[in-house]
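Inspection log for the structure reproduced underneath, given as structure tokens.
The values are calculated or read from the model by the stated rules, or taken from the named source; none is laboratory data. Given the structure is predicted, the values throughout are model-derived calculations rather than measurements. FYI the Cβ positions are ideal-geometry reconstructions off the backbone, even for glycines, and counts take in every protein chain you see. Accessible surface areas use protein heavy atoms only, side chains included; no ligands, DNA or RNA. Shrake-Rupley method; radii C 1.70, N 1.55, O 1.52, S 1.80 Å.
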Amino acid sequence: MLTANEIRRQFLDFFNSKGHDIVPSAPIVVKNDPTLLFTNAGMNQFKDYFLGNQVPAHTRIADTQKCLRVSGKHNDLEEVGVDTYHHTMFEMLGNWSFGDYFKKEAIAWSWELLTEVYGIPKDKLYVTVFQGDAAENLPMDEEAFGYWKQYVDEDRILMGNKKDNFWEMGDTGPCGPCSEIHVDCRTDEEKAKVLGKTLVNADHPQVIEIWNNVFMQFNRQKDGSLVPLPAKHVDTGMGLERLVRVLQGKQSNYDTDLFTGTIGAIEQLTHKKYGYTDSKQDVAFRVLADHIRAIGFTIADGQLPSNTGAGYVIRRILRRAVRYYYSYLDHKQPLLYKLMPVLAKQFEHVFPELQKQIELVCKVVKEEEDAFLRTLEKGLKRMDAILQPGKAVKEVPGAVAFELHDTYGFPIDLTILIARENGLGVDEKGFETELQQQKTRSRAATALDTHDWVTVKEGSSKGFVGYDNLSADAFILKYRRVTSKGKDCYQFVLDITPFYAESGGQVGDTGEFIFPNENIQITDTKKEDGLTIHFAEVLPENVSAPVHAKVDGEKRLDTTIHHSATHLLHAALREVLGTHVAQKGSLVNEEHLRFDFSHFAKVTDEEIARVEAIVNSKIRENIPVVIKEMAKDDAVALGAMALFGEKYGNIVRVVIMDPQYSIELCGGTHVGATGQLGFFKIHSESAVAAGVRRIEALSGKAAEHFINERFHLVTSIQTQLKNAKDPIKAIERLQEERAQLEKHIEHLEARQLVVTRNELLAKDEMINELTFVGQMVSVSSLDGLKKLCLDLKSHLNDHVIVLCANIDGKPFVAVGVDEKVVAARGLDAGKIIKDVVAPLIKGGGGGQKTLATAGGQDAGNLHAVIEKVRALLS
């Protein structure tokens with residue numbers, strides 16, 4: 001029986017023999033594409049080729065791609081673990097043609113590979129073709145039908161509707177008709193009872209889609225219209241998990257060697273046995289075996305769990321897994337992080353990034369598990385209270401679902417899952433209402449309405465020339481309008497640009513477009529679908545006119561200085577802390593740099609000093625910054641560091657600052673020599689997440705400004721200390737003197753409280769057989785007022801005390817009630833504060849039944865407080 005690794009290798013070897021270049025998987029986390037959080041299909045990394053924004057180095061490509069489908073249009077999360085063939089993270093085997101071969105070759109090769117190389121019996125296979133769609137004026141795919149007839153009997157060629165046989169990545173983007181291949185894995189007896197073609201695309205667990213040939217012909221616009229692509233392409237995808245299941249003769253994906261190693265590890269850790277059934281326990285096994293793949297590979301690709309965006313999706317998956325092992329495997333301690341080494345070892349030769357970062361990934365996952373386990377039990381008890389037998393409940397109220405989300409960390413889909421298991425629904429609309437009310441104005445302010453591109457001039461962008469030039473003569477190729485809060489702004493694509501688009505942590509350039517009759521300010525520059533997008537608040541009068549694009553040179557230089565400083569910092573951290581240090585994020589702008597890196601302890605002051613010393617030493621050496629373009633393999637052989645989660649092409653840009661010190665792959669802008677940095681200073685170090693630290697630092701003019709500010713601050717302090725030669729000793733002396741004075745004041749206040757107590761005892765009065773003390777007193781703090789009340793209580797029986805003080809213009813009140821009075825009369829100090837005192841002084845407070853305090857805003861009613869409490873006793 002072929003192993004999964006052998007099956008994967010045969011696929012790649014087959015297409016390599018057909019002239020395809022084999023490329024590595026792109027990171028599972030998508031960057032520079034606002035339409036996607038994650039890579040959800042093999043074609044994502046080639047989107048620019050389909051759109052015609054970039055020219056591929058090879059017109060035929062094959063790969064295995066890490067994909068994640070748990071958000072947006074392609075969301076399989078609810079089915080994962082429940083059935084035998086849906087997954088969160090999966091491998092998509094794919095072959096691609098960019099304007100090269102089309103339907104004929106794609107269909108022939110897919111049939112050849114499945115039936116001749118893998119040996120799948122032809123009578124197990126069905127194919128589908130697009131039947132057309134009148135609403136969109138799309139005809140039936142006669143061409144694909146004609147090619148399939150050469151290999152398959154017509155009764156095995158089925159018509160598919162737009163839902164099943166017209167593939168779209170999202171609401172916009174490349175799309176086209178597709179032709180699927182389905183395999184019938186049922187027994188001969190089952191096949192004799194029901195024809196397989198009636199079960200295609202009917203969610204039958206044993207009649208499943210195995211391969212999809214997508215024929216990219218159109219680009220879906222924002223308005224829903226379809227525009228033909230500049231060239232026709234082939235995009236195919238075959239799920240490795242399903243393929244392995246078929247070739248290994250299994251009834252479930254989870255029974256293949258892609259998952260059995262993980263399931264075996266779960267059995268050892270939980271002392272439970274996997275039973276190949278639909279029981280909750282066996283579903284839990286499958287959920288864990290699937291979910292750790294999504295969690296591990298996504299974190300390894302640079303996405304840490306968080307409360308927003310892609311990070312929240314990963315947190316949802318992790319918490320779903322925790323809930324399953326907690327509830328159905330009766331395991332109450334962190335478990336997922338112990339499975340990560342098993343997963344990393346299994347994929348070390350396919351996706352090595354997990355094995356290389358296994359310590360970091362385990363630490364992050366364990367911290368996430370610990371955090372959720374602390375609240376999970378309380379959240380489940382809250383759910384149990386709703387689901388109690390006898391309660392006439394049909395659904396979980398929206399407010400409760402939001403409470404579970406906000407207080408206990410339950411993602412809404414976890415609440416829906418638990419409710420469904422108990423035969424209940426969830427008021428999702430109510431939940432959304434609660435959620436929307438919580439959202440901040442700033443988030444609402446970021447909502448954009450992006451309109452379709454308007455083509456000004458045909459052609460493709462020649463790219464970025466800003467490494468060597470801060471200005472260039474260009475033309476606008478296309479523009480679009482973007483509306484935010486009723487205000488329009490505009491985005492432009494040029495045929496050539498000197499503007500650096502935000503990437504690799506470096507912010508985008510600003511500057512201006514200079515036209516013959518006007519100047520337009522460029523406020524930002526970003527990347528999208530391989531294009532450089534320039535942002536402006538106005539549309540030029542003549543978008544067809546030639547434009548002189550000019551970058552803000554001063555801002556660019558200051559930003560460049562911080563980017564080069566980041567490289568020196570990275571190398572210094574690895575020298576001081578160890579080679580486990582790897583970049584996990586960065587921000588580089590004209591004001592400062594921020595650098596996130598893997599490390600498992602706080603960086604000490606001594607270590608920071610050593611890092612600074614190394615960086616400044618390299619600055620003083622004035623090392624020439626050498627930048628070369630070379631093949632990626634040559635760069636790695638040279639010792640260049642690549643960032644996990646970044647996608648690199650075959651030709652990479654290598655930045656060298658002393659071959660023995662710093663060699664990194666980097667597309668950012670850099671100084672000519674390290675001496676241009678002037679000076680480097682770290683001003684903060686902190687934790688970002690489990691195993692991730694953050695350093696913020698300054699270089700160039702920003703560092704000079706920072707040092708000058710600190711120097712002036714020290715000078716001012718010295719002046720205030722009457723020009724003390726040693727300000728530190730002078731401050732220590734002042735602190736000692738203050739401590740002594742505070743002790744003396746405390747002693748005096750304690751003596752004064754005794755005097756005040758005795759005076760108050762002499763003023764007590766009897767009201768309705770109770771001892772009442774109600775007086776204005778002079779104290780310096782609420783704590784002093786509380787101490788005085790406690791002291792009085794120890795000298796009185798059957799008492800009610802109300803003490804009021806005006807402290808720096810603010811009213812404060814302490815109320816004391818004897819325990820016997822609380823029991824016999826029902827008087828309660830806390831209720832007196834809440835019902836009587838707080839309204840009068842316009843404040844609030846609380847405490848115990850025998851002692852409570854309050855503060856407020858209106859000191860004019862303190863005498864009224866005393867009289868109101870006195871009246872209560874009468």
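Cβ-Cβ distance below 9 Å, separation of 6 or more or different chains: which pairs start in segment 752-766 with a residue that is within 11 Å of Leu792 (Cα to Cα) and end on one that is of a type in the set (Phe, Trp, Tyr) and open to solvent by less than 70 Å² (accessible area, probe 1.4 Å)? Correct list of pairs: Asp764/Phe772. Residues that are closer than 26 Å to Leu36 by Cα and of a type in the set (D, E, K, R) within segment 520-542 comprise Asp524, Lys526, Lys527, Glu528, Asp529, Glu537, listed in sequence order. Residue check: is Gly173 within 27 Å of Asp452 (Cβ to Cβ) and either out of contact with any Phe, Trp or Tyr (no Cβ under 8 Å at 6 or more places or on another chain) or not polar (S, T, N, Q) (or both)? So Gly173 passes the test. Within segment 607-618, residues that are in a helix (DSSP H, G or I) have Cβ atoms under 7 Å from residues that are open to solvent by 30 Å² or more (accessible area, probe 1.4 Å) and not aliphatic (A, V, I, L, M) in these pairs: Glu612/Lys681; Ile614/Glu575; Asn616/Phe679; Lys618/Tyr661, counting only partners at least 6 apart in sequence or on another chain. From the list Lys681, Lys722, the lone residue that is out of contact with any strand residue (DSSP E or B) (no Cβ under 6 Å at 6 or more places or on another chain) and of a type in the set (D, E, K, R) is Lys722.
The residues of segment 292-314 that are open to solvent by 30 Å² or more (accessible area, probe 1.4 Å) and part of a helix (DSSP H, G or I), listed by number, are Gly309, Tyr312. Screening Val802 against (1) open to solvent by 30 Å² or more (accessible area, probe 1.4 Å); (2) modelled with pLDDT of 90 or more leaves a single unmet condition, (1).
When we screen Ser686, Ser699, Ser662 for residues that are of a type outside the set (Val, Ile, Thr), in contact with a strand residue (DSSP E or B) (Cβ under 8 Å, 6 or more places away or on another chain) and exposed (fewer than 12 other Cβ atoms within 10 Å of the Cβ), the only hit is Ser686.
Each residue in segment 810-820 was checked for being within 49 Å of the chain's Cα centre (by Cα), within 25 Å of Ala762 (Cα to Cα) and open to solvent by 10 Å² or more (accessible area, probe 1.4 Å), and 1 pass. Evaluate segment 693-708: report whether one residue or more is part of a strand (DSSP E or B) and of a type in the set (Val, Ile, Thr). Taking every residue of segment 693-708 in turn, at least one turns out to be part of a strand (DSSP E or B) and of a type in the set (Val, Ile, Thr). Among the criteria (1) closer than 24 Å to Lys197 by Cα; (2) at pLDDT 95 or above; (3) surrounded by fewer than 19 Cβ atoms within 10 Å (Cβ to Cβ), the one Glu105 does not fulfil is (1).
When Ala838 is tested against (1) touching a Lys or Arg at 6+ places or on another chain (Cβ under 6 Å); (2) surrounded by 18 or more Cβ atoms within 10 Å (Cβ to Cβ); (3) not in a strand (DSSP E or B), exactly one condition is not met: (1).
Matching residues to (1) modelled with pLDDT of 95 or more; (2) among the aliphatic types (A, V, I, L, M); (3) farther than 23 Å from Glu749 by Cβ; (4) within 50 Å of the chain's Cα centre (by Cα):
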site: His795; (1), (2), (3), (4): no, no, no, no
site: Asp808; (1), (2), (3), (4): no, no, no, yes
site: Val822; (1), (2), (3), (4): no, yes, yes, no
site: Gly845; (1), (2), (3), (4): no, no, no, yes
site: Lys849; (1), (2), (3), (4): no, no, yes, yes
site: Gly860; (1), (2), (3), (4): no, no, yes, no
site: Lys868; (1), (2), (3), (4): no, no, yes, no
site: Ser874; (1), (2), (3), (4): no, no, yes, no
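A single member of Thr566, Thr560, Thr523 is open to solvent by 30 Å² or more (accessible area, probe 1.4 Å) and under 32 Å from the mean Cα position of the chain (by Cα), and it is Thr523. Residue count for segment 619-648 under the criterion of being of a type in the set (A, V, I, L, M, F, W, C), open to solvent by 50 Å² or more (accessible area, probe 1.4 Å) and part of a strand (DSSP E or B): the result is 2.
The set of residues in segment 445-490 that are of a type in the set (S, T, N, Q), over 34 Å from the mean Cα position of the chain (by Cα) and part of a loop (DSSP other than H, G, I, E, B) contains only Asn469. For a quick check of your reading of the model, give me the residue pairs whose first member lies in segment 631-651 and is over 25 Å from Asp596 (Cα atoms), whose second is in a strand (DSSP E or B) and of a type in the set (Asp, Glu), with beta-carbon atoms closer than 8 Å and at least 6 apart or on different chains. From segment 631-651, the pairs are Ile651/Glu629. For segment 643-660, a residue qualifies if it is of a type in the set (S, T, N, Q) and modelled with pLDDT of 95 or more, but none of them does.
Restricting Thr262, Thr236 to residues that are touching a helix residue (DSSP H, G or I) at 6+ places or on another chain (Cβ under 8 Å), at pLDDT 95 or above and not in a loop (DSSP other than H, G, I, E, B) narrows the list to Thr262.
Pairing each residue of segment 569-584 that is closer than 19 Å to Leu698 by Cα with any residue that is open to solvent by 10 Å² or more (accessible area, probe 1.4 Å) and among the aliphatic types (A, V, I, L, M), provided the two are 6+ apart or on different chains, yields C-beta distances under 6 Å for Ala572/Ile614; Gln583/Leu643.
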